[in-house]
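A short worksheet on the structure shown next.
The values are calculated or read from the model by the stated rules, or taken from the named source; none is laboratory data. What you see is a predicted model; the values in this text were computed from it and never measured. Note that each Cβ is placed from the backbone with ideal geometry, even for glycine, and that neighbours are counted across all protein chains shown. Remember, those area values only see protein heavy atoms, side chains included, never the ligands or the DNA or RNA. Shrake-Rupley method; radii C 1.70, N 1.55, O 1.52, S 1.80 Å.
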Amino acid sequence: MRFSPEVSKEEVMALSMWMTWKCAVVDIPFGGGKGGVVVDTRDLSAGELERLSRVFAASIADVIGENKDVPAPDMYTNQQVMAWMLDEYRRVSGNNSLAVFTGKPLEMGGSEGRTEATGLGGVYVLEEMAKTVGFSPAKTRIAIQGMGNVGYYFAKLAKEAGYRVVALSDSKGGVYNGEGLDIEGVMAYKEEKGSLEGCKSGRQITNDELLELEVEVLVPAAVESVIRLDNAEKIKAKYIVEMANGPVDPQADDILWSREIVSIPDVLANAGGVTVSYFEWKQNVDNEKWSGREVYEKLEAIMKSSFAAVWQTSREYKIDLRTAAYILAVKRVVEQMK
Ligand code: NAD
């Protein structure tokens, strides 16, 4: 479920398609879907956001359900929004299942680990790539665009794993510090002031500058189409971890490939979110409660084995990781359809 002024029917269709391939790449028994509302949540009061969430949930009540379509949070939606939606769904449908929405608060049937799942899944994939190609965390500088749910947890957990996170940004711009950023400090500043403008943790940079920084790993974790024909030649990172959906345009993809820049595709890199959404759904359906450790171990196993399968396919056919991921995903979907 995405709430954003940029939502369009075409965007929702594209996001649904990616969701299909993503679930197939990590081999979980979900299909693809997406929902969106054209709105800038920053203009809404808490009451307005609640009423919007409830009305939307009521209006889609017929097309969602434990065994139909199971929403989860995305841009500008969160646990609170999921809680309002589930509550409204139960009221209008009379169905009390908890498994209709995921990304819920723990008190309402949410899963341990769901909040950080997408960022954590991305870090597991990064670790596996580091092991495969042989780079060491301490010598690896990372620039991250976007510091919402995905970007923030990726930054925090990558730092904990020993990487040097040198740049972070939000929609208005970012900060850069070659020595490594104090992630919690930058986040606290953003929470207090509403943006990174004036943040003293590092030098102020624009989002365009962030993408072109001299780093080993670039992590677009905000919006679509930020690496395009016009800036693909200027990217200096050797590796890209696509935590946003669709951050690299198809023409840019060809340029990156010819420049031997390795891009871990969105359908693999950010699949940790839907994987733990599946865990949440399964716990709700089976009336179980897994520990945080159990969730982390299961997520790690899935992300690392999915990376290995995609990597192996790319070596086998001498192709980029996105095409390799699609080969695996399309094959699984076709087998199901047959
Ligand atoms: P969020 O709403 O929590 O955060 C979005 C962040 O992006 C904010 O920091 C915002 O300031 C920043 N941003 C917005 N527009 C920007 C721009 N033009 N340039 C730079 N920064 C900008 O959203 P999120 O859940 O972190 O999602 C981020 C991306 O990750 C999206 O592409 C989303 O589809 C994808 N994703 C999210 C999940 C999930 O579980 N939340 C799972 C898979 C993929």
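Test of understanding: among VAL223, VAL219, which residue is within 15 Å of the ligand (Cβ to nearest atom), in contact with a Gly (Cβ under 8 Å, 6 or more places away or on another chain) and either aromatic (Phe, Trp, Tyr) or not in a loop (DSSP other than H, G, I, E, B) (or both)? Before you say what the answer is, go through the steps one by one.
Working: VAL223 fails: either aromatic (Phe, Trp, Tyr) or not in a loop (DSSP other than H, G, I, E, B) (or both).
None of the others qualify; the one that does is VAL219.
Return the residues of region 147-174 that are within 13 Å of the ligand (Cβ to nearest atom), outside any helix (DSSP H, G or I) and either open to solvent by less than 30 Å² (accessible area, probe 1.4 Å) or over 22 Å from TYR76 (Cα atoms) (or both); say none if nothing qualifies.
Answer for region 147-174, where residues must be within 13 Å of the ligand (Cβ to nearest atom), outside any helix (DSSP H, G or I) and either open to solvent by less than 30 Å² (accessible area, probe 1.4 Å) or over 22 Å from TYR76 (Cα atoms) (or both): MET147, ALA167, LEU168, SER169, ASP170, GLY173, GLY174.
Out of LEU229, LEU196, I need the residue that is buried (at least 16 other Cβ atoms within 10 Å of the Cβ), in contact with a helix residue (DSSP H, G or I) (Cβ under 8 Å, 6 or more places away or on another chain) and assigned by TED's automatic domain parsing to the domain that holds GLY146. Which one? Explain how you work it out, then say what you get.
Details: LEU229 fails: buried (at least 16 other Cβ atoms within 10 Å of the Cβ).
It is LEU196.
I'm trying to understand the selection: among the residues of region 197-224, which are of a type in the set (Gly, Ala, Ser) and within 20 Å of VAL123 (Cβ to Cβ)?
ALA221, ALA222
Looking only at region 229-244, which residues are touching a strand residue (DSSP E or B) at 6+ places or on another chain (Cβ under 9 Å) and not small (Gly, Ala, Ser)?
ILE235, LYS236, LYS238, TYR239, ILE240, VAL241, GLU242, MET243
Give the residues of region 305-318 that are under 24 Å from the mean Cα position of the chain (by Cα) and either of a type in the set (Asp, Glu) or closer than 16 Å to ILE261 by Cβ (or both), sorted by residue number.
Initially, region 305-318 is screened for residues under 24 Å from the mean Cα position of the chain (by Cα), giving 305-314.
Matches in region 305-318: TRP311, SER314.
Scan region 63-70 and tell me whether some residue there is open to solvent by less than 20 Å² (accessible area, probe 1.4 Å) and over 30 Å from ILE240 (Cβ atoms).
yes
Yes or no, residue by residue, for (1) more than 13 Å from the ligand (Cβ to nearest atom); (2) under 30 Å from SER195 (Cβ atoms); (3) among the β-branched types (Val, Ile, Thr); (4) assigned to a loop (DSSP other than H, G, I, E, B):
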| residue | (1), (2), (3), (4) |
| --- | --- |
| GLY32 | no, no, no, yes |
| ALA61 | yes, no, no, yes |
| GLU66 | yes, no, no, yes |
| MET75 | no, yes, no, yes |
| MET82 | no, yes, no, no |
| TYR89 | yes, no, no, no |
| SER97 | yes, no, no, yes |
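Residue-wise test of (1) within 18 Å of the chain's Cα centre (by Cα); (2) among the small types (Gly, Ala, Ser); (3) surrounded by 20 or more Cβ atoms within 10 Å (Cβ to Cβ).
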| residue | (1), (2), (3) |
| --- | --- |
| THR77 | yes, no, yes |
| ASP87 | no, no, no |
| SER93 | no, yes, no |
| PHE101 | yes, no, yes |
| PRO105 | no, no, no |
| GLY109 | no, yes, yes |
| VAL123 | yes, no, yes |
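What do you reckon, is GLU6 open to solvent by 50 Å² or more (accessible area, probe 1.4 Å), within 16 Å of the ligand (Cβ to nearest atom), in contact (Cβ under 8 Å) with a residue 40 or more places away in the chain and of a type outside the set (Val, Ile, Thr)?
Yes.
Pairs please, first residue from region 73-88 and of a type in the set (Val, Ile, Thr), second anywhere and part of a loop (DSSP other than H, G, I, E, B), Cβ atoms under 9 Å, 6+ apart in sequence or on different chains.
Within 9 Å, the pairs are THR77/MET1; THR77/PRO71; THR77/GLY103; VAL81/MET1; VAL81/PRO73; VAL81/GLY103.
Scan TYR239, TYR176, TYR189 and give me the residue that is of a type in the set (Phe, Trp, Tyr), at pLDDT 95 or above and touching a Gly at 6+ places or on another chain (Cβ under 7 Å).
Within the list TYR239, TYR176, TYR189, the selection yields TYR176.
Quick check on MET187: is it part of a loop (DSSP other than H, G, I, E, B) and either in the same structural domain as VAL310 (by TED's automatic domain parsing) or within 16 Å of the ligand (Cβ to nearest atom) (or both)?
no
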